[in-house]
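Below you'll find the structure I mean.
The values are calculated or read from the model by the stated rules, or taken from the named source; none is laboratory data. Keep in mind that what you see is a predicted model, and the values were worked out from it rather than measured. A quick note on method: Cβ atoms are made from the backbone with ideal geometry, for glycine too, and the neighbour counts reach across all protein chains shown. When the accessible area is computed, the model is the full protein with side chains, heavy atoms only, and any ligands, DNA or RNA have been set aside. Shrake-Rupley method; radii C 1.70, N 1.55, O 1.52, S 1.80 Å.
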Amino acid sequence: MSSRSLPEEKSWKLSDINYSVPKHGERFGYTLGGVVLAGFILLIITGIIMAFFYMPTIDDARTSVLKLGSVPFGLWLRSFHRWTAEAVVFIMILHLSRVIFTGSYRGNRKLNWILGVILVFITVGFFFTGTILKWDQEGYEAFEHAVETFEVIPLVGSFFASFLRGSFAVMRIYATHTLVLPIVLGLFLLPHLILMKINGLSQLPGKISKQTSTFFKHMKMVLLFSVIIYALIGFLAAQFPAELYPGPYGGVEMTKPPWLFLVLYALEDWIGLYALLAAPLVLLIGLLAIPYIDRSPSLNSTARKVIVWGYIFLSAVFIFLIIYVGVSPPVEHLAM
Ligand code: HEM
């Protein structure tokens, strides 16, 4: 490393882009946000290509997805898009977990945490609307769940439910997936990355490491891990093509949602439709409250222990429910 000290991360000059970051910025755990970002870029590229073959109408949506299978690399492209979406959600959960375990949500990183929590719901929104766009039995049942959930929201719910129903149903979900959500993602992700540069990467928990590395080296590791992960996804996409169910058939409910919605599915089973509203709201408030519950600078405070062990316990419950519902037979929930 040359003796010339590296530019501080506070400088916004292009010439200072290769600013110094802590050495641990090269570790896998500290590149996860970047790997999620790389996944989003791949989803946008593969999504744009698929848009040239997709018909966003109730009559033609599923057929156009089926026909994509006869386009060279069409089925691989769709499967890569699907499995990358699954990977992005999973790696984002790992990123969030890393931030919790290193306590990187406190102090001047509180706002970045809050932006991050909102990014969770935007990302899940992408996944949910993407599932509907196939307009097969799984997509149709997801759509019906969305409409029936809107219907129980007081005052505005019935407006949104009727806005979604009817011949524009698929077109409106398509506009949400390809226009509204990308704009909202940009609006929250850009400040997330800017704040990341302003605050710099957090120190290792309980340590002040003097060792430094560079932003370029951090990005090289982000790239390396992204290439390994998404190349693996590319291989899996060729081996395990994404499913396209028959249908849609009204009046029957025979599919279960993808893994990230199985906890909601279980709660809907036990509590009913209101669970689809209440559970995300409780999760949102719980996540947003974390930096306000744990304000102490110490890493050994009771509040911190409650956060970490509470998170581990909740994760264990979620994993148990995902497995339990995953192996259980589908259940009829909706009034369709
Ligand atoms: C669309 C999803 C997301 C993207 C693309 C993203 C991107 C990033 C990137 C590139 C970093 C720099 C460090 C790294 O690469 O790991 C970062 C840091 C951070 N992210 Fe995210 N993030 C996302 C979601 C989240 C979520 C869900 C949370 C928490 C709820 C979160 C909270 C944070 C915090 C607090 C930092 C600062 C960490 C530190 O200084 O050590 N992010 N994010």
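Looking at segment 195-211, which of its residues are more than 11 Å from the ligand (Cβ to nearest atom) and open to solvent by 70 Å² or more (accessible area, probe 1.4 Å)?
206, 207, 208, 210, 211
If you go through segment 74-90 one residue at a time, do you hit one that is modelled with pLDDT under 95, over 16 Å from residue 182 (Cβ atoms), out of contact with any Phe, Trp or Tyr (no Cβ under 8 Å at 6 or more places or on another chain) and of a type outside the set (S, T, N, Q)?
Residues of segment 74-90 modelled with pLDDT under 95: none.
Within segment 74-90, none of the residues are modelled with pLDDT under 95, over 16 Å from residue 182 (Cβ atoms), out of contact with any Phe, Trp or Tyr (no Cβ under 8 Å at 6 or more places or on another chain) and of a type outside the set (S, T, N, Q).
Moving on to the next point. Among the helices (runs of 4 or more DSSP H) contained in segment 16-130, which hold 2 or more residues that are in contact (Cβ under 8 Å) with a residue 40 or more places away in the chain and closer than 23 Å to residue 206 by Cα? So that I can check it myself, show each step before the final result.
Details: elements: 32-51, 61-68, 74-101.
Hits in segment 16-130: 32-51, 74-101.
Can you tell me which residue is surrounded by the fewest Cβ atoms within 10 Å (Cβ to Cβ) among those in segment 77-109 that are over 19 Å from residue 305 (Cβ atoms) and more than 15 Å from the chain's Cα centre (by Cα)?
Among those that are over 19 Å from residue 305 (Cβ atoms) and more than 15 Å from the chain's Cα centre (by Cα), it is 108.
Restricting attention to segment 130-166, which residues are in contact with a Phe, Trp or Tyr (Cβ under 7 Å, 6 or more places away or on another chain) and open to solvent by 60 Å² or more (accessible area, probe 1.4 Å)?
150, 160
I've got another one for you. If residue 217 satisfies all but one of (1) more than 11 Å from the ligand (Cβ to nearest atom); (2) open to solvent by less than 50 Å² (accessible area, probe 1.4 Å); (3) touching a residue at least 12 places away in the same chain (Cβ under 8 Å), what's the number of the condition it fails?
Here residue 217 clears every test but (2).
Being over 30 Å from residue 295 (Cα atoms) and crowded, with 18+ Cβ neighbours inside 10 Å narrows it down to one of 69, 39, 74, 34, so name that one. Walk me through how you get there before you give the answer.
Working: 69 fails: crowded, with 18+ Cβ neighbours inside 10 Å; 74 fails: crowded, with 18+ Cβ neighbours inside 10 Å; 34 fails: over 30 Å from residue 295 (Cα atoms).
So the residue among 69, 39, 74, 34 that is over 30 Å from residue 295 (Cα atoms) and crowded, with 18+ Cβ neighbours inside 10 Å is 39.
Which members of segment 183-193 meet the condition of being farther than 19 Å from residue 35 by Cβ and either surrounded by fewer than 17 Cβ atoms within 10 Å (Cβ to Cβ) or near the ligand (Cβ under 10 Å from one of its atoms) (or both)? Give the derivation first.
From segment 183-193, those farther than 19 Å from residue 35 by Cβ are 183-184, 187, 191; that's our starting set.
If the condition is that a residue be farther than 19 Å from residue 35 by Cβ and either surrounded by fewer than 17 Cβ atoms within 10 Å (Cβ to Cβ) or near the ligand (Cβ under 10 Å from one of its atoms) (or both), then 183, 187, 191 are the ones that fit.
Could you check segment 265-309 and list, in sequence order, the residues that are among the charged types (D, E, K, R), surrounded by fewer than 17 Cβ atoms within 10 Å (Cβ to Cβ) and either part of a helix (DSSP H, G or I) or in contact with a Cys (Cβ under 8 Å, 6 or more places away or on another chain) (or both)?
269, 305
Out of segment 110-129, which residues are β-branched (Val, Ile, Thr) and either more than 7 Å from the ligand (Cβ to nearest atom) or open to solvent by less than 20 Å² (accessible area, probe 1.4 Å) (or both)? Please lay out each step first, then the result.
Within segment 110-129, the subset β-branched (Val, Ile, Thr) is 114, 117-118, 120, 122-124, 129.
Residues satisfying the conditions are 114, 117, 118, 122, 123, 124, 129.
Same structure again: Look through segment 42-66, keep the residues that are more than 16 Å from the chain's Cα centre (by Cα) and open to solvent by 70 Å² or more (accessible area, probe 1.4 Å), and return whichever of them is nearest to residue 243 (Cα to Cα).
The selected residue is 66.
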